[in-house]
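Quick notes on the structure that follows.
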Amino acid sequence: MGGPDHRRPPGDRLHGGRARRRPAPAPAASPTGTPTAGHETPATREAATYRKWGLKPFPAPPAPPAAKPVVRRPGAPVPVISEIPTHEKIVFLTFDDGAEKDPEFVRMMKDLKVPFTMFLTDAAIRADYPYFQPLIAQGNGLANHTLTHPNLRTLGPDAQRREICGQQTKLKQRYGTTPRLFRPPYGNWNEATRAAAGECGLDAIVLWRESMQIKNMQYQRGDKKLHPGDIVLAHFRGPSELKGRTMTEMTATMLRKIQEQGFTVARLEDYV
Ligand SMILES: [Zn+2]
């Protein structure tokens, strides 16, 4: 799974969970007690913001579970997951690598507040580390995708550890946050990868169920539908890799496919 396509890849906070929603301000009232002109409410403002990006507002995701359904048990190998066990109609967005650095994408995700997790590779981001800072400041997850994006199955245990622990250190130094989640490039891993991820302090290996292409969603299951808890893979890709489409167009298409199937987006870090 994955294949060379995964070379250009994944995401964290739609609404950031009900608890993080900003409280709606009380409507302004005229001295006579009737609402002031404009009739702008938080709901209409939100609808207008989503319309700007060709989308309808997402319903807020359910409150996160009190206990995370995926945990790393002491002494056990790190869990490897492609989905989160849940009955809620939620999916999780992930954006990989970090090659494309489109300022419009930062604006879009600031507007939409759709949570996502970024699995970043140092070789893809080192030309412009600051690009990712506002995305992290928005509350989106920062996660590990190795230093140089190798096929880890071709590397021995020491080399795998260098790729994974090395990126942990870099991301911590650059962004002040220690990643907890790891995605192996191309989705390729073995038991040495699992051991290395654990030794490097990671809590889970995160794969995926759907992969967003230029206009289509690739499904692993034969029914070609999203299922509750699915993890969706996308990439920081730009027009040269998207046949002229922009990253925000690709993202809007992906979000519409999620909405059309009656799903909303939740924050992966609330569940693992
Ligand atoms: Zn990748």
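Stretched out straight at 0.36 nm per residue, the stretch from Lys215 to Glu199 would grow longer than its current Cα-Cα span by 1.9 nm. Per-residue ellipticity at 222 nm, computed for the chain from helices alone with -39500 (n - 2.57) per DSSP H run of at least four residues, works out to -8000 deg cm²/dmol. Taking 25 Å as R0, compute the FRET efficiency from the Cβ-Cβ separation of Asn151 and Lys68 and round it to 0.05. Calculated transfer efficiency: 0.25. Using Cβ point charges alone (K and R +1, D and E -1), the dipole size of region 77-270 about the Cα centre works out to roughly 200 debye.
Working from label points 7 Å from Cα in the Cα-to-Cβ sense, the Arg245 to Ala47 distance is 2.7 nm.
Peptides 141-151, 126-136 ranked from most to least packed by the mean count of surrounding Cβ atoms within 10 Å: 141-151, 126-136.
Packing-based ranking of 80-88, 107-115 yields 107-115, 80-88, ordered from highest to lowest mean Cβ neighbour count within 10 Å.
Subtracting the Cα-Cα distance of Arg162 and Glu191 from 0.36 nm times their residue separation leaves 8.9 nm of extension gain. By the gyration tensor of its Cα atoms, with a ≥ b ≥ c the square roots of the eigenvalues, what is the shape of region 175-272: rounded for a/c under 1.5, prolate for a/b over b/c, or oblate? It comes out prolate by the Cα gyration axes.
With coordinates expressed along the principal axes, the C-alpha atoms belonging to region 77-270 extend over 45, 35, 30 Å, beginning with the largest.
Every number in this text was worked out from the coordinates using simple rules, so none of it is lab data. Predicted model only: the values in this text are computed from it and were never measured. Every residue, glycine among them, receives a Cβ derived from its backbone with ideal geometry; neighbour counts consider all protein chains shown.
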